[in-house]
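Worksheet: the structure to be examined is printed underneath.
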Amino acid sequence: MRLSNIQSPSAVKALSEQELEKLAGEIREEIIRTVSENGGHLASNLGAVELTIALHRVFDCPADKIVFDVGHQCYPHKLLTGRGEAFSTLRQLDGVCGFPRREESEYDAFNTGHASTAISAALGMARARDMRGEKHSVVAVVGDGALTGGMCYEALNDAGNLKTPFMLVLNDNGMSISRNVGALSKQLTRLRISRGWLGVKKNLAEALRKVPGVGERLHDAFQKVKNGIRNAFIRDKFFTSLGFQYFGPIDGHDIIGLEKVFRSLKNVDHPVVIHVVTKKGCGFDQAEEAPEKYHGVAPFYIETGRSRSESGPSVGTVGGNYITELAETRKDICVVTAAMTESTGFGPFHKRFPDRLFDVGIAEEHAVTLAAGMAAGGMRPFVAIYETFLQRAFDQITVDVCLQKLPVCFLMDRAGIGGEDGATHHGLMGVSMLRAIPNMVVLAPRSEGELKDMISWALGHDGPCAIRYPRSLPKLGWTYKFFHFGTWESVSELHRDVAILASSAILGECEEALALLKEEGIEGYLINASTLQPLDTNCLRYLAKKKIPVVTVEEHFLSGGFGSAVAACCAKMKLPAPIAMIGIPDEFVPHGSRKLLLQRYGLDAEGIAAQVKKAVKQ
């Protein structure tokens with residue numbers, strides 16, 4: 001049986017042990033080949049191959065439900081559920097999504113992309129099953145990194161309280177994105193090193209049975225006391241105290257061993273935890289040696305692991321390095337991250353100031369309130385989180401930071417279209433989310449120099465602020481000079497046909513659009529609206545006085561975004577409204593390259609030029 005012949009998980013149920021090992025090898029080869037071409041999440045998926053095969057040999061999907069937390073380990077699942085032929089389109093526009101997606105397949109039980117949600121979702125499915133009188137199994141596959149998120153504990157507490165039957169498979173590889181931190185990580189480490197006890201227990205039980213005459217009685221007596229002995233070795237009271245029955249640790253690369261455990265526990269009438277130990281990056285030497293580096297990767301050469309594209313440092317790295325420089329003399333600077341120290345550009349800061357960087361794990365809500373407490377205590381904290389993940393902490397930003405006017409600076413990385421990771425990872429709601437909160441300042445740099453000036457300004461600001469930036473910024477023809485808070489910057493010569501207001505990365509497309517408009521006889525004026533909250537009302541009055549029509553452009557949802565803020569401001573001041581507001585319509589954006597997605601939504605140079613021309617002519 002070859003991977004290319006598997007059209008549904010039922011095909012793996014009849015395979016021999018040797019065939020299963022071959023299948024696991026083929027799955028790894030296909031994942032490595034495709035990710036090397038398209039980019040994606042590599043190390044976590046390589047570590048979950050045998051685990052996924054065992055799950056599909058025991059459970060009957062789609063009747064049974066398997067919910068993958070985050071989805072960083074769902075590629076083997078996709079290959080076993082009829083998407084093998086299309087797998088080469090992984091993360092490409094209109095191709096296979098890099099995360100579980102219900103719209104894509106009936107085998108994807110729940111859409112995921114953010115961590116720590118699977119236990120709650122699986123528990124909900126299990127209770128829906130029970131209320132409807134159905135009998136299928138529900139399984140949550142959760143990485144140990146997800147257990148640094150508070151939602152997991154809310155769900156565990158609820159599940160154990162009512163004893164709802166479902167299975168939690170804890171895939172323990174010692175990693176999330178950055179290496180796992182915290183007390184729970186230490187607990188799982190103790191569990192991992194206790195694997196020897198499981199072998200002792202098995203061998204002793206078999207030996208007792210063989211004792212002539214009294215074997216069975218000795219075996220039964222051993223069974224009665226084994227839990228006490230087991231807890232002395234394994235210390236599994238954490239899960240049992242929450243009402244779960246705990247099993248493990250179990251070798252996550254032993255398909256037959258996993259299958260036996262899953263099959264024996266498939267129909268239990270209470271919640272169970274099966275602790276599976278896997279190796280992140282298993283089967284690919286580079287990923288095994290550097291699992292953090294190979295968690296999420298751009299296209300690379302398999303032989304060397306070197307990236308296929310030579311990109312410069314991210315904007316976050318530039319900001320992180322600058323804050324590291326400032327921290328040499330500013331002893332009040334500290335940094336909070338949520339399991340993404342390296343990804344947000346703060347690896348050098350952590351190396352230089354290990355006692356002033358706090359990686360709290362996948363716990364954005366805690367990260368924000370922790371920073372609020374630090375600010376209340378006299379520090380100047382920077383909270384570095386991808387924009388899409390900061391959505392999780394809206395309440396904490398509102399009540400714990402802004403209500404108290406605390407000087408916390410949010411560094412919102414990966415703002416705008418997030419590319420191939422898709423709907424859960426685009427940063428398209430930051431402006432609408434934050435401009436609704438009193439006391440919040442929202443900034444968006446158009447260059448690395450402006451980012452540094454914004455960081456310096458934030459350190460002198462007596463209140464909260466957020467700086468939104470994408471992974472990379474365009475090189476504009478207009479040289480950056482300085483940042484003035486609340487004052488927008490001209491980035492072209494003054495022309496009276498139309499003024500385009502935009503910020504950050506989309507300014508590059510706007511500059512190209514102006515060149516296209518000039519060929520059509522329309523002279524445009526480009527303005528860098530780098531202060532998004534509050535708006536530059538003086539600029540809006542000036543444009544109205546000069547009778548220059550305004551168009552807003554944003555790489556953001558139109559609903560509640562920059563354009564709507566400008567329109568509301570103009571209405572309040574009795575100024576002419578924008579003649580067009582260009583941005584993302586009211587729909588979730590799929591996965592695909594930024595270039596193609598900009599084209600799809602009319603946010604490339606040609607699309608912007610066409611919409612501006614239409615508005616000006618009308």
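The values are calculated or read from the model by the stated rules, or taken from the named source; none is laboratory data. Model, not experiment: these values are computed from the prediction. We place every Cβ from the backbone using ideal geometry, glycine too, and count neighbours over all the protein chains shown. For accessibility, only protein heavy atoms count, side chains too; no ligands or nucleic acids. Shrake-Rupley method; radii C 1.70, N 1.55, O 1.52, S 1.80 Å.
Could you pull out the residue among Asp395, Asp462, Asp453 that is out of contact with any Gly (no Cβ under 9 Å at 6 or more places or on another chain), closer than 25 Å to Asn111 by Cα, acidic (Asp, Glu) and open to solvent by 10 Å² or more (accessible area, probe 1.4 Å)?
The conditions single out Asp395.
Pick from region 483-518 the residues that are among the charged types (D, E, K, R) and under 32 Å from the mean Cα position of the chain (by Cα): which of them is least open to solvent (accessible area, probe 1.4 Å)?
Glu509
Which ones in region 99-143 are open to solvent by less than 30 Å² (accessible area, probe 1.4 Å), of a type in the set (A, V, I, L, M) and without any contact (Cβ under 8 Å) to a residue 60 or more places away in the chain?
Ala109, Ala118, Ile119, Ala121, Ala122, Leu123, Ala126
Among the residues of region 582-618, what is the count of those that are of a type in the set (Val, Ile, Thr) and part of a helix (DSSP H, G or I)?
Final tally of qualifying residues: 3.
Tally the residues that are among the basic types (Lys, Arg) and either within 24 Å of Lys613 (Cα to Cα) or buried (at least 23 other Cβ atoms within 10 Å of the Cβ) (or both), restricting the search to region 553-594. Walk me through it before giving the result.
Keep residues of region 553-594 that are among the basic types (Lys, Arg), which gives 572, 574, 594.
Imposing the further condition that a residue be either within 24 Å of Lys613 (Cα to Cα) or buried (at least 23 other Cβ atoms within 10 Å of the Cβ) (or both) reduces the set to 594.
Final tally of qualifying residues: 1.
Is it true that Ser116 is at pLDDT 95 or above and under 18 Å from Leu170 (Cα atoms)?
Judged against the criteria, Ser116 is not a match.
Tell me which residues, restricted to region 304-327, are without any contact (Cβ under 8 Å) to a residue 24 or more places away in the chain and closer than 27 Å to Gly377 by Cβ.
Glu325
Are there any pairs with C-beta distances below 7 angstrom linking a residue in region 5-18 that is more than 17 Å from Phe59 (Cβ to Cβ) to a residue that is in a loop (DSSP other than H, G, I, E, B) and open to solvent by 30 Å² or more (accessible area, probe 1.4 Å), with the two at least 6 apart or on different chains, and if so which?
Gln7/Gly82
Using the structure shown, decide if Ser530 is on the phi > 0 side of the Ramachandran plot and either touching a residue at least 24 places away in the same chain (Cβ under 8 Å) or open to solvent by 60 Å² or more (accessible area, probe 1.4 Å) (or both). Quick ask: steps written out before the conclusion?
Working: on the phi > 0 side of the Ramachandran plot: no; either touching a residue at least 24 places away in the same chain (Cβ under 8 Å) or open to solvent by 60 Å² or more (accessible area, probe 1.4 Å) (or both): yes.
Criteria not met by Ser530.
Report, ordered by the first and then the second residue, all pairs with beta carbons closer than 7 Å, sequence separation of six or more or different chains, a first member in region 271-287 that is within 20 Å of Glu21 (Cβ to Cβ) and of a type in the set (Ser, Thr, Tyr), and a second member that is open to solvent by less than 10 Å² (accessible area, probe 1.4 Å) and outside any strand (DSSP E or B).
Filtered contacts from region 271-287: Thr278/Gly47; Thr278/Ala48; Thr278/Leu51; Thr278/Gly252.
Return yes or no: is Val67 within 20 Å of the chain's Cα centre (by Cα), buried (at least 19 other Cβ atoms within 10 Å of the Cβ), modelled with pLDDT of 95 or more and not small (Gly, Ala, Ser)?
Yes.
Would you mention how many residues in region 127-146 are touching an Asp or Glu at 6+ places or on another chain (Cβ under 9 Å), farther than 30 Å from Ala338 by Cα and among the aliphatic types (A, V, I, L, M)?
Qualifying residue count for the region: 1.
Out of region 315-331, which residues are farther than 13 Å from Arg352 by Cα, in contact with a helix residue (DSSP H, G or I) (Cβ under 9 Å, 6 or more places away or on another chain) and open to solvent by less than 50 Å² (accessible area, probe 1.4 Å)?
Hits for region 315-331 are Val315, Thr317, Val318, Gly319.
Can you pull out every residue in region 348-363 that is open to solvent by 10 Å² or more (accessible area, probe 1.4 Å), in contact with a helix residue (DSSP H, G or I) (Cβ under 8 Å, 6 or more places away or on another chain) and of a type outside the set (A, V, I, L, M)?
Pro348, Arg352, Phe353, Arg356, Phe358, Asp359
Would a scan of region 47-57 turn up a residue that is open to solvent by less than 10 Å² (accessible area, probe 1.4 Å) and of a type in the set (Ser, Thr, Tyr)?
Yes, region 47-57 has at least one match.
Is it true that Gly133 is assigned to a helix (DSSP H, G or I) and out of contact with any helix residue (DSSP H, G or I) (no Cβ under 7 Å at 6 or more places or on another chain)?
no
For Ala444, indicate whether it is closer than 27 Å to Glu489 by Cα, in contact (Cβ under 8 Å) with a residue 60 or more places away in the chain and surrounded by fewer than 19 Cβ atoms within 10 Å (Cβ to Cβ).
no
Can you tell me which of (1) crowded, with 18+ Cβ neighbours inside 10 Å; (2) without any contact (Cβ under 8 Å) to a residue 60 or more places away in the chain; (3) aliphatic (A, V, I, L, M) is the one Ala376 doesn't meet?
Evaluating Ala376 over (1) crowded, with 18+ Cβ neighbours inside 10 Å; (2) without any contact (Cβ under 8 Å) to a residue 60 or more places away in the chain; (3) aliphatic (A, V, I, L, M) leaves (1) as the failure.
Tell me, which residue of region 10-41 that is over 20 Å from Leu93 (Cβ atoms) and not in a helix (DSSP H, G or I) is most open to solvent (accessible area, probe 1.4 Å)?
By that ranking, first place goes to Ala14.
Give Gly427, Gly418 a once-over and let me know the one that is at pLDDT below 95 and either in contact with a Ser or Thr (Cβ under 6 Å, 6 or more places away or on another chain) or open to solvent by less than 50 Å² (accessible area, probe 1.4 Å) (or both). Talk me through it step by step, then tell me what you get.
Working: Gly427 fails: at pLDDT below 95.
The match here is Gly418.
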